[in-house]
Amino acid sequence: MIPINLYASIANYYLMNIHVYDACALIYLTKIKVKEKLPLLGSVIVSPTVKNELIADINRFSDAKLLKHNIDIKIIEETKIKLNEGTFSKTLGKGENETILISIRNEGIPVTDDHQAINYAVNCGLKPKTSEIILLDLLKDNIISHKEFQTFLNELAHIKSLKPDIVLFFKKKAEEIIKK
């Protein structure tokens, strides 16, 4: 039998992980049907702008309907942090700016597939993650199997048009994880 305090420790670990997603990363993870597993890694936070981007074309895209439902039932949470008008970085979109700003204020982890946003987040002292890294995290935490990882990565590679060397890099990282 597992002691109750171990469950509490595990719960606290996941509650402490705040993942702040931009629209693109969350849409990619929704398209490959991984979004429902994201709360197992920590909270799923979006900014008001990202929320609006996710549901803007709700009548055209089934993914937008699914994301709206997840927002309504609080699987995806809109931040309560008051964000200033204006931009944090003039080279980023408003959603990416807000994602980074929320991550700084909440000690969160920005999740973005935008290369400029990744570089900016790193320069701000953050440790951003991409959709591919989220897949590795799911594998590392035994939330998905190695076979599921490969399937999800292949789908993601197709959607994002990832170069073969990038796909190979992440497959090697997955191999290292399962060997541990």
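The values are calculated or read from the model by the stated rules, or taken from the named source; none is laboratory data. Just so we're clear, the structure is a prediction, and the values are computed from it rather than from any experiment. Quick reminder, even Gly has a Cβ in these numbers, built from the backbone with ideal geometry, and neighbours come from all protein chains shown.
From the residues in the stretch 149-165 that are of a type in the set (A, V, I, L, M) and surrounded by 15 or more Cβ atoms within 10 Å (Cβ to Cβ), which one is farthest from the chain's Cα centre (by Cα)?
Leu162
Do we find a residue being part of a strand (DSSP E or B) and of a type outside the set (A, V, I, L, M, F, W, C) anywhere in the stretch 43-50?
yes
This table checks each residue for (1) among the charged types (D, E, K, R); (2) in contact with a Cys (Cβ under 8 Å, 6 or more places away or on another chain); (3) within 15 Å of Asp22 (Cα to Cα).
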{"site": "Ile45", "(1), (2), (3)": "no, no, yes"}
{"site": "Pro48", "(1), (2), (3)": "no, no, yes"}
{"site": "Ala64", "(1), (2), (3)": "no, no, yes"}
{"site": "Lys82", "(1), (2), (3)": "yes, no, no"}
{"site": "Val122", "(1), (2), (3)": "no, no, no"}
{"site": "Lys127", "(1), (2), (3)": "yes, no, yes"}
{"site": "Ile133", "(1), (2), (3)": "no, no, yes"}
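Going through (1) outside the structural domain of Ile18 (by TED's automatic domain parsing); (2) in contact with a His (Cβ under 6 Å, 6 or more places away or on another chain) one by one, Ile109 falls short only on (1).
Counting only helices (runs of 4 or more DSSP H) that sit wholly inside the stretch 65-180, those with at least 2 residues that are under 16 Å from Val46 (Cβ atoms) and modelled with pLDDT under 95 are 94-106. Just to be sure I understand, how many residues within the stretch 112-134 are touching a Pro at 6+ places or on another chain (Cβ under 7 Å) and under 24 Å from Ala174 (Cα atoms)? Looking only at that region, the number is 5.
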